[in-house]
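The values are calculated or read from the model by the stated rules, or taken from the named source; none is laboratory data. None of these values were measured; they are calculated from a predicted model. Cβ placement follows ideal geometry from the backbone for every residue including glycine, while neighbour counts extend to all protein chains displayed. We work out accessible area using only protein heavy atoms, side chains counted, and drop any ligands, DNA or RNA first. Shrake-Rupley method; radii C 1.70, N 1.55, O 1.52, S 1.80 Å.
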Amino acid sequence: MDFSWQLLISVSLGYLLLLFLTAYCAERGWIPQNLARHPLVYILALGVYCSAFAYYGSVGLAYHLGYGYLALYLGLAIALVFSAIILRPIHDLSRSYQLASLADLFAFRYRSRWVGFLTTLGVVLAMLPMLALQIQAITDTITLLDPNTMAWPLALLICLILLAFSILFGARDIAPTEKHRGLMFALAFESLFKLVAFLIIGGVAALEVFGSWQGITQWSTLALNPQFQTPPLQPVQWFSLLLMFVSAPLVLPHLFQLLFRETSNLSRLRMASWAMPIYLLLMALPVMPILWAGQSLGSTTSPEYFSLSLGLLLDKPWVTWLAYLGGLSAAAGITVLASISMASMAMNHLVLPFYKPSFSADVYRWLLWVRRLLIGVVIGLSYALYLLLNQVQNLTSLGITAFTGLLQLLPGILGLLFWAGANRKGFVSGLTLGLLIWASSLAIPMLAESLSFGNQLRMGFALEADHWSLTTLVSLGINALAFVLVSLFTRTSKEEKDAAHTCVITSVDRRHRLPLKARNVSEFIETLSRPLGRIMAEREVKRALKTLGFPLGEYRPYALRRLRDTIEANLSGLMGPSVAQALVARYLPYEQSERAERDDIYFFEQRLDGYHHQLTGMAAELDRLRRHHRETLYNLPIGVCSLASDGEILLWNRVMADMTGIIEAEAIGARLDSLPANWYDLLDSFLKGQSNKLTVEQPNADGRGKRWFSLHRSAQVQRRDEPLEGTVILLEDETEHKLLESELVHSERLASIGRLAAGVAHEIGNPITGIDCLAQDLKYVSDPAEQQLIADQIREQAGRVTKIVRSLVNFAHAGQGDGKTDHQPYPLRQVVQDAIDLLSLSRDAQRVIFINEVADDLTVLCEAQRLSQVFINLLGNARDASPDGEVIRIQAEAEVESAIVEVIDRGTGIPADVIDHIFDPFFTTKEVGKGTGLGLFLAYTIVEEHYGHMAVDSPAFAAEGIGTRFTIRLPLHRLLPEVTP
Amino acid sequence: MSLSLLLKLLILPFYLLLPFSLDGTETVQLWYLPFLIWTGLILVNALAEYLRSRR
């Protein structure tokens, strides 16, 4: 069968149209989702790696290097085996920071636009031979099938079709998260097609040429014949090749795009690590049978095209068609995807850093069209190189030249992943030297050779005399050496060190807790409007907020820092990290602060949580311990809140959220002053106070009743190398305790009344007796004036009884029930006098003398009855401890904002061994039945409720070794001293 | 070190030396041997990935 170029081109167009339709149907959702999004589609799409270089070139490689051709497949397989160490970190980085290419990654890590520029330049220069190779493969095969073909117009036509394909399915949107589902499906289709085609050709070679499996074995034995024997593979050649192809998933722009951009699903990357090698194995398997079949049939074509000539020699046109379309498929896939990814790289690092678009126009549209234009430029340059190369070089030479150039990026990648000390100067030095050696020893000689020689197909210079492996190792060695030495002996900037923490796999991304100048989302939009224009600024801020799940009214410093990071990442996806970093650093700056930089603890914890599935061994155990402590802290039955020195909340546990009604997500990262007013007032006043412990009451949120909270605080523990910062506050709900305590107070009050009962009976009995006598006298008195006098006396006695009863009733009921307190300004002297009056009802009242020396002008804000309970308890104890006729003094004086009240007796004093326990509940030294042990405890509690403090000193009269002095400090009420009850 | 990583490190030398697996046999009758070894390595790697996914 004759193959005319017209027929060939028609069939080619038909096949490319089929790819178009496949992509279109997938893009429009006409293909069932469970098929279009099947993980196998992703795995097959990775088969784009097996370009025409693998499809045709691997047979040529096998011809020259025997099993050395396996490096092409095993290199990628090894990289995928260790994907958790090599690929996963880059996947995470590219997802988190919207890094679309290796140049983005380097610019992000080494913090320099020149790094991105140089990387892009290197990748473009190295990839052009690879893309020219694809065009050459197509035209070579057409020329081979129809020698009368005019190659260059056909190549141009195919390039234009691929350009249209790339633009239609690879540059439809500018969003950094853009996925090319149609393109992916088409790539999977073409990968499957070329795999099936290659396997069939291999099968045909085995069955048609050798007849059977045994036939191959017999032939392979014959292959020992020096005529067909391949030269032995040298280890240096093997390891040079392996180095090139191990680095392939990182340095090939189209593989980078597939592995790190087209899927956010890590399980697919994990699946690729074992499934993709199966694909590679199947692609590698037919190579030797095809080679031997070509040799066996005496093919006169280049070994690279044995798969094509097999059908011709066997007179099986369908095999030739299959081989041709498989090759076309392999070449088309890489051309489309590589041009898309290289265009994106070129825009971010060759255009945008040096040309600022006008943001008043629709910048998204501008970016999209520039990307489309750049796709055209990439394909155009590939075509131009193809013309310059003039089909002189074989595919293997072109492929090895391209891979050697790309290999120069390997030291930079290793530095990025494993060495925090690497810096941009080292990277630029190493890469420049490596590229210069590559260009001078491989690329330029190849071009020179092509320009000097005529149009002929012959094995090029590269595989002869093992020139290429020497160049590969020398260029890589000098590159790596320069990279290390320059990095070691030059200064690494702070930005690079910070980026190293993010990139190096042994580090965790540690951000600093720096205050931003922009205080809320509106200010973000305002400031970003200047460089981006209002529309784009709003759109980017809202997109970042949506990603983070934050509201438009977000104001928390932590949230604003994350918003800034996300905006930077999104802009990085649009314009590259260099432009994004510069833009964000300028328009969303941090405030200049004298304070030492602090880790953003919450962010740090979240990152650690994200990593913990990857940890093994001791690191995993330590992380388990960390999470255990974290959970313990979080589930403590007491509210815990950790505050930085600037008031930012770093920790807000579950009970804290329950008690305050402020959920953790709203509290963490907020400043204290942004909490609801009641909680801010409470926490802020506590922090500003001197005391480390405080009990306060707080109205309920529903306005009904009150709750009591006990606050404790302690400064953060100082770490070895960092100054002290922040405070931990514990918040305990004491409401139930307080209600119980209130019950206790009431019981104690009733007990006091009980103890007073005998005295009260006596006090009431006397006037009642008097009234009785007066009433009897009344019968015998007829004089109205005398009757009036007796009546007045009866009323006087009745009034005395009423006063006693009323004071008892007041005392008994004060503060009972719901525990509500009602603090009112009240003269301190009167409080003390009320207590003395009540005690005077006691039968023992006459034994001691109470002297109230409290000044009249001292007013306290108090609940008078509860405060009088304090003095009743203190004076009662003093009376019990004092000998008969002794004096008990109550003195008070003002001291700044406080009233200092002293209750001094001359009793037996308190033994030193019990003085530390006298305020403990149920502690008593009295006989059983005479004391409950609650008196001083309640007195202490009541004083604290009044924001006061009580202390004891015994002996009060040291010289004599007797007496006790209770000192009570109460806040004075000065604002309304005239108010009295 | 996890078992999955250990398995991967164990198979690495086989990957690195795969093309030399026929050296010393003085024959290429077992031309498919590298592919058989490779298949074994794929299975071991799949096992390692399975172990990793269970962690």
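Just a few scattered comments:
- Extension gain for A:Lys706 to A:Ile851 (0.36 nm times residue separation, less C-alpha to C-alpha distance): 48.5 nm.
- Here chain A is assigned +1 on the Cβ of each Lys and Arg and -1 on the Cβ of each Asp and Glu. Its dipole about the Cα centre then comes out at about 4280 debye.
- For the pair A:Ala785 and A:Ala894, a Förster radius of 56 Å applied to the C-beta separation gives a FRET efficiency near 0.65, rounded to the nearest 0.05.
- Only aspartates and glutamates eight or more places from A:Lys779 in sequence, or on another chain, were considered; those with a Cα closer than 17 Å are A:Asp792.
- Spatially, region A:383-453 and region A:567-630 are offset by 35 Å when compared through their Cα centroids.
- Model label zone, A:Glu591; criterion: amide N under 14 Å from point 7 Å along Cα-to-beta-carbon; scope region A:513-554: A:513-520
- A:Ser267-A:Trp152 FRET efficiency (beta carbon distance; Förster radius 41 Å; 0.05 resolution): 0.35
- On full extension, the segment bounded by A:Val236 and A:Asn678 gains 151.6 nm, given 0.36 nm per residue less the C-alpha separation.
- With a 1.4 Å probe rolled over the protein heavy atoms of all chains, the accessible area of A:Trp5, A:Trp318 falls in the order A:Trp318, A:Trp5, largest first.
- Beta-bridge orientation, the protein assembly as shown: approximately 90 percent antiparallel, per DSSP, counting only bridges with both partners inside.
- Dimensions (Å) - chain A, Cα atoms, principal axes, largest first: 159, 55, 52
- Unsatisfied cross-links (Cα-Cα over 23 Å) in the set A:Lys179/A:Lys517; A:Lys425/A:Lys494; A:Lys517/A:Lys542; A:Lys179/A:Lys546: A:Lys179/A:Lys517
- When each of the peptides A:38-45, A:302-309 is scored by how many other beta carbons lie within 10 Å of its residues on average, the order from highest to lowest is A:302-309, A:38-45.
- Using a simple spin-label model with pseudo-atoms 7 Å out from Cα toward Cβ, A:Trp114 and A:Tyr611 lie 3.2 nm apart.
- Each part reduced to its alpha carbon centroid, region A:469-516 and region A:3-22 end up 48 Å apart.
- Region B:3-54 - Rg over Rh from alpha carbon coordinates, Kirkwood radius: 1.10
- Spin-label model, A:Asp916 to A:Leu778: label points 7 Å out along the Cα-to-beta-carbon direction sit 6.4 nm apart.
- Å³ per residue enclosed by the Cα convex hull of region A:353-423: 158
- Principal-axis tilt of helix A:828-839 within chain A, Cα atoms, nearest 10 degrees: 60
- Placing dummy labels 7 Å off each Cα toward the beta-carbon, the span from A:Leu414 to A:Leu470 is 2.3 nm.
- Dipole of the protein assembly as shown, positive end: most advanced residue of A:Pro551, A:Leu187, A:Ala500 [Cβ charges, Cα centre]: A:Leu187
- Per residue of A:62-74, other chain Cβ atoms within 10 Å of the residue Cβ number 3 on average.
- For A:Trp366 and A:Ala164, a Förster radius of 22 Å and the Cβ-Cβ distance give a FRET efficiency of 0.60, rounded to the nearest 0.05.
- Region A:650-711 and region A:32-47 have Cα centres lying 53 Å from one another.
- Its alpha carbons considered, region A:615-733 gives a radius of gyration followed by a Dmax of 15.8, 55 Å.
- Counting only other chain Cβ atoms within 10 Å of each residue's Cβ, the peptide B:32-40 averages 4.
- J(HN,Hα) series, region A:159-164, from Karplus relation 6.51 cos²θ - 1.76 cosθ + 1.60, nearest Hz, glycine and proline x: 4, 5, 5, 5, 4, 4
- For the pair A:Leu488 and A:Leu388 in one chain, pulling the backbone fully straight at 0.36 nm per residue adds 31.8 nm over the alpha carbon distance.
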